[in-house]
Amino acid sequence: MQIAIFGAFEAGVIYAIMALGVYLSFRILDFPDLTVDGSFVTGAAVAAILIVEGVNPILATLAALLAGFIAGCLTGLLHTKGKINPLLSGILMMIALYSINLRIMGKSNVPLLQEETLMTSISNGWKSLGLDESIQAILATIGLSSFIPKTWAIAIIMSVLVLLLKLALDWFLKTEIGLSIRATGDNETMIRSFAANTDSLKIIGLGMSNALVACSGALIAQYNGFSDVGMGIGMIVIGLASVIIGEAVFGAKTIVRATLAVIGGAILYRIIVTLALRVDFLETGDMKMITAFIVICALVIPKMWGQFKEKRSKKKRLLASQQKKTSIKDRGETLA
Amino acid sequence: MLKLNQIYKVFNEGTMDEKIALNHLNLSMNQGDFVTIIGSNGAGKSTLLNLIAGKLIPDLGEVIVADKNLTQASEHKRSRLIGRVFQDPMAGTAPTLTIEENLAIAYGRTHRRGFSLGVTKKRKSFFKEKLESLQLNLENRLSAKVGLLSGGERQALSLLMATFTEPSILLLDEHTAALDPSRAELITALTKKIVEENNLTALMVTHNMQQAIDLGNRLIMMDRGEIIFEADQDRKKGLTVEELLKEFQQIRGGTMTDRAVLA
């Protein structure tokens, strides 16, 4: 059980990078970008093929990031220059990427189990430092000795990476270009009247969003030990789930808080799914249904809760005012 | 500062609904001119502003701002020279960004935006100083989201954002029409102050004839895509709403069908 949740945390942290990308397109640019389903695999495919070819895993991951950026820019071009509806441009790009991903990989599945990947080098490097033992010792002193994961390396290094990306994104969204991108999603008329080219801002924003998604895909491929052409199916929904859960649980008042919430949402989502899959009659194939259910809950419950609270407070106020009236009346009668 | 030569624009050309929005219109404004435009609905006032702003491109004619021919320039390119305040108080600001972030965006109007931080300490004190001039206590709410402000406050902020980088032309599109009377008065006063202090060249569309007479140094009356009456500084001084209406009747031989009559 603990091991399963730990695994969910590890995966969640890596998927959080994808969720940050979805946050950028979906919330900041207000652009429901379905390219994600394709660009996630593009990242995985590019990284996998380069690693198999013997390229350094870090370079391979960076190449994946670039590939995602290009894919996102193309979606942006379809929308801004081709004047195609946002949803449709994303769908078109996603479907085209499916074939492109097959072309990149040459087959539908590229295994990486025998290869030196970012994950194996992190684990090995970590082992030589001997940090796992010291963490274990610390845990033992606080009475958690029963829980021994294979390595802490991936959870810790990936958490650091995600937090660095979060900080970079926070900073970027406060630069002049970042502010303009936020304003583009907010009020296009306004930002155009302040001499900003909304077309290029959208293209850059979508490029960055899909670069993050592809980076996440590349890391997931190395984490799971394979790249598969079908691994991106439903990815946008998972991203949305992370964003929506995160915002509902952790709040989204400021950018700094919202990006943190998205990361938390991605981890929480993985944990919920892991727990759900432990229920006896649910199978692995039910995962997409569980995802849909989680998103529906995250969308509906906060709204219903808000309505319920409003109704309750209204009732209270009504009651209070009625009591006041009757008490005044009573007083009036006694005076008479 | 602004020169419009023979501007001609038709909508729905070749259909039943064909409408000549602007009919070979000429207008020339000097540095520091503040022109108010009145006219009934459909006279072409908004079309005129949209043509200057670049939202529309004229079928014929030239738009020249600060000696640059901008007839074909895209909207975002020419907005380096042009400041705009819209009728809708929501249109001129980004609601989920804070006051200082909105001001930072406006500050970036005149130059190419880069990867430097939008809100810096130095700019903050500059923004504060500018906000103080509005006297709405906004200088103490720099990090409040603009969506939380009232319509009047947002419009005042829009006005400041459009003007503090001193555009070559300021376009005001009925920017007080959507506000309640006291707020409208405040924005009108601010407009007057800001335009005078910075010696801006401004073009204001309004439905309120009294406002058109009170503000600015020139007044233009438009009808059916043409300028039918123009008052210069001297003529404008003694002008009354009744006179304007009479003028319109004499020229067009009809009454002005407009909510402005009530104003």
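For every residue, the table says whether it meets (1) more than 24 Å from the chain's Cα centre (by Cα); (2) of a type in the set (D, E, K, R); (3) within 19 Å of B:Phe86 (Cβ to Cβ).
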residue: B:Asn102; (1), (2), (3): no, no, yes
residue: B:Arg109; (1), (2), (3): no, yes, yes
residue: B:Gly118; (1), (2), (3): yes, no, no
residue: B:Arg154; (1), (2), (3): no, yes, yes
residue: B:Thr163; (1), (2), (3): no, no, yes
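Mind telling me which of the residues A:Leu24, A:Leu59, A:Leu34, A:Leu20 ends up being surrounded by fewer than 24 Cβ atoms within 10 Å (Cβ to Cβ), modelled with pLDDT of 95 or more and part of a helix (DSSP H, G or I)?
Selected residue: A:Leu59, the only one of A:Leu24, A:Leu59, A:Leu34, A:Leu20 that is surrounded by fewer than 24 Cβ atoms within 10 Å (Cβ to Cβ), modelled with pLDDT of 95 or more and part of a helix (DSSP H, G or I).
Taking the conditions exactly as written (in a helix (DSSP H, G or I) and either on the phi > 0 side of the Ramachandran plot or in contact with a Phe, Trp or Tyr (Cβ under 7 Å, 6 or more places away or on another chain) (or both)), does A:Ile244 satisfy them or not?
No, not satisfied.
Only one of these is without any contact (Cβ under 8 Å) to a residue 40 or more places away in the chain and in a helix (DSSP H, G or I): A:Leu92, A:Leu97, A:Leu169. Name it.
Every option except A:Leu92 fails the conditions.
Considering only residues of region B:105-129 that are in contact with a Leu (Cβ under 6 Å, 6 or more places away or on another chain) and assigned to a helix (DSSP H, G or I), which is farthest from the other protein chains (Cβ to nearest Cβ)?
Going through the qualifying residues, I end up with B:Phe127.
Looking at (1) in contact with a helix residue (DSSP H, G or I) (Cβ under 6 Å, 6 or more places away or on another chain); (2) assigned to a loop (DSSP other than H, G, I, E, B); (3) more than 23 Å from A:Ala44 (Cβ to Cβ), which one does A:Lys253 not meet, given that it meets all the others?
(1)
Would you be able to tell me the number of residues in region A:181-214 that are within 12 Å of chain B (Cβ to nearest Cβ) and closer than 20 Å to A:Ile70 by Cβ?
So the answer is 6.
Counting only residues that are of a type outside the set (A, V, I, L, M) and modelled with pLDDT under 85, how many does region A:292-305 have?
1
Considering (1) surrounded by 19 or more Cβ atoms within 10 Å (Cβ to Cβ); (2) charged (D, E, K, R); (3) within 11 Å of chain A (Cβ to nearest Cβ), say which one B:Lys55 fails and leave the rest.
It fails just one condition, (1).
With respect to B:Ile37, is the statement that it is touching a helix residue (DSSP H, G or I) at 6+ places or on another chain (Cβ under 6 Å), farther than 30 Å from A:Ile28 by Cα, touching a residue at least 60 places away in the same chain (Cβ under 8 Å) and more than 9 Å from every other protein chain (Cβ to nearest Cβ) true?
yes
So which of A:Gly225, A:Gly207, A:Gly232 is in contact (Cβ under 8 Å) with a residue 24 or more places away in the chain, more than 30 Å from B:Ser79 (Cβ to Cβ) and either crowded, with 19+ Cβ neighbours inside 10 Å or touching a Gly at 6+ places or on another chain (Cβ under 7 Å) (or both)?
On inspection, the qualifying residue turns out to be A:Gly232.
Being within 15 Å of the chain's Cα centre (by Cα) and either surrounded by fewer than 16 Cβ atoms within 10 Å (Cβ to Cβ) or free of Cβ contacts under 8 Å to residues at least 60 places away in the same chain (or both) is true for just one of B:Asn26, B:Asn50, B:Asn12, B:Asn69. Which residue is that?
So the residue among B:Asn26, B:Asn50, B:Asn12, B:Asn69 that is within 15 Å of the chain's Cα centre (by Cα) and either surrounded by fewer than 16 Cβ atoms within 10 Å (Cβ to Cβ) or free of Cβ contacts under 8 Å to residues at least 60 places away in the same chain (or both) is B:Asn50.
Mind checking which pairs have a first residue in region A:1-22 that is hydrophobic (A, V, I, L, M, F, W, C) and a second that is outside any helix (DSSP H, G or I), Cβ under 8 Å, 6 or more apart or different chains?
Taking only residues 6 or more apart or on different chains, the pairs are A:Met1/A:Arg278; A:Ile3/A:Phe147; A:Ile3/A:Pro149; A:Ala4/A:Arg278; A:Phe6/A:Phe147; A:Phe6/A:Pro149; A:Val22/A:Asp33.
The values are calculated or read from the model by the stated rules, or taken from the named source; none is laboratory data. Source: prediction; values computed, not measured. Positions of Cβ are generated from backbone atoms using ideal geometry, with glycine treated the same way; all protein chains shown enter the neighbour counts.
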